[in-house]
1. For LYS375, go through the aspartates and glutamates and keep the ones whose alpha-carbon is under 19 Å away, minus same-chain ones fewer than eight residues off.
2. Using only Cα atoms, find the angle between the long axis of helix 190-205 and the longest principal axis of the chain, and express it within 0 to 90 degrees, rounded to the nearest 10.
3. Show me 465-472, 478-485 ranked by packing, highest mean number of other Cβ atoms within 10 Å first.
4. How about LYS112: which aspartates and glutamates have a C-alpha closer than 18 Å to its C-alpha, ignoring those fewer than 8 places off in the same chain?
5. Label point 7 Å out from ALA76 along Cα-to-Cβ: which residues of segment 239-264 have amide N under 20 Å?
6. Mind running the shape call on segment 284-486? Use the C-alpha gyration tensor, a ≥ b ≥ c as the square roots of the eigenvalues: rounded below 1.5 for a/c, prolate if a/b tops b/c, oblate otherwise.
7. Taking only Cα atoms, what is the 0 to 90° angle, nearest 10, from helix 160-174's long axis to the longest principal axis of the chain?
8. Compute, for the chain, the length of the dipole vector about the Cα centre, with Cβ point charges of +1 (Lys, Arg) and -1 (Asp, Glu) only. Units Debye, rounded to 20.
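Taken together, the values in this text are just the output of simple stated rules run on the coordinates, not laboratory data. Since the model is a prediction, treat every value here as computed from it, not as a measurement. So basically every Cβ, Gly included, is an ideal-geometry build from the backbone, and we count neighbours across all protein chains shown.
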Amino acid sequence: MSMPLLTDLTDLPADVIRPGYDRDGLGTGILHLGLGAFHRAHQAVYTDDALAAEGGDWRILGANLRSTEMPQAMTAQNGLYSLLERSESDRLRVIGAHGHKAIGGDAAAILKAASDPAIRILSLTVSEKAYGIDRAAMDIDEAHPAVAADLARPDAPQGVLGIITAALAARHAAGHAPFTVLCCDNLPDNGTLLRAGVLGMARRHDPDLAARIADQVAFPATMVDRITPAVTDRTLSDVERLTGHRDLAAVETEPFTQWVIEDHFPEGRPAWEAGGAEFVTDVSAHEAMKLRMLNGSHSLIAYLGQMLGLRYVRDLVADRALSALVLRHMRAAGTTLPRNAGLDAPSYAEALMDRFRNPAIAHETRQIAMDGTEKLPQRWFSPAADLLSSGGDPRAYAFATAVWLGWLSELAAKGEQPNDPRAARLMQLVSQAGSDATALTASVLSLPGLAPDALVWDEGFTGATSRTLARIRAEGLRAVLATELAG
Ligand code: CS2
């Protein structure tokens, strides 16, 4: 007999933690775009804690711009889902912060919801590649497919920038206050960046609207952190065992969680501090530490793992030589961080290594290896440029870059492609460079927006990268690893 679906809070085992508030008594105040596992394991959990502590009309309306699967699953479960925190012992909690219905693949419905005055925060976890913002120009990237579509049809926006701009225009026209825009993706200065994108879009349509947005809309920056592997059949079967219910929206995650937020919410906000969120006036130092040390070393782990056939992050850090390389990367990243900001990079590195080692977390290197051209600029290439400008040793970054290029070469040789929005271009560059490691290094690093010019032109860095790449190709990664730490 198949188990009942999780649709309410009855019939749950006594040890399952459940929402500490009356869900039906609280209205919706947040529209969240991007109903992925990370949002369900992070912001929604903080909101659940905030609602339990202080109540308020801050439940979340979740929406996916394109895919319908998760919104349908959430709607079928009245917005409820299980959060499985994995460590030596698993902890199961049902999250109630979402409303009863979610929106999937219906941009017009999302725009309508965003125009509703009840919504006072619009938050996002749509992944780096969804925005279409040119960081160098701090403007929209007109070649990005969603941006191009929204420039052509501002009345029927499909992308995040078009939807936010159109909703802010509709709210102004109806006499409603703007919402606060809260970017929760792993991008540096994510608030400022998204603001630049929205202003760029608004300026193209209506300069007065752009001026109003610049003047009135808050875009607080955030640093978000919680390792959340993709959901697997094992997640779902463990949740069934622990709850006695089927749950197609369940997520699994690590116990650690962190959220640092700039406290700038003119229309109010939930009491997220109840869940441990830290409110600060400037998140940039925290964000640089997290992006460069955690995400930067994650990307190194991902490409090493992909090349060495190691499936999970924990498999890599269980290997002494590999974990030494990961630690070297973290240390190099640590030297690029702002001084006098009260950061403790050595303790942070140690704590990260422990989190990466968590035997209960099966985080696939394949998942992290996705979208390299979107992730590596902030994870590797800007810190590497900072390191060079302060006279530091760029070896750790040259090594990481060589591993990525080596992996791309290997994929090309097998007739495969990376999972990356610029996959076709990358494969073309690999094929054009042939066996010339110097040419491949130069051509990939010169891709628009990937690496700062100072890095692309630095012969010490590119030379070290292409020499390591040539060795990886000639001798194999294992052989290079053996000498990398020794020399
Ligand atoms: C990872 C991140 O997939 C990736 O690229 O580096 O999702 C990472 O797990 C989170 O940022 C941790 O907070």
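1. Reachable aspartates and glutamates: GLU128, ASP134, ASP139, ASP141, ASP185, ASP189, ASP225, GLU287, GLU364, ASP386, ASP420, ASP453.
2. 70
3. Sorting 465-472, 478-485 by mean packing, highest first, produces 465-472, 478-485.
4. Cross-link targets: ASP150, ASP155.
5. Output list for this probe position: 239-252.
6. Numbers: a/c = 1.58, a/b = 1.21, b/c = 1.31.
Because a/c hits 1.5 or more and a/b fails to exceed b/c, segment 284-486 counts as oblate.
7. Relative to the chain, helix 160-174 is tipped by roughly 30 degrees.
8. Once rounded to the nearest 20, the dipole reads 900 debye.
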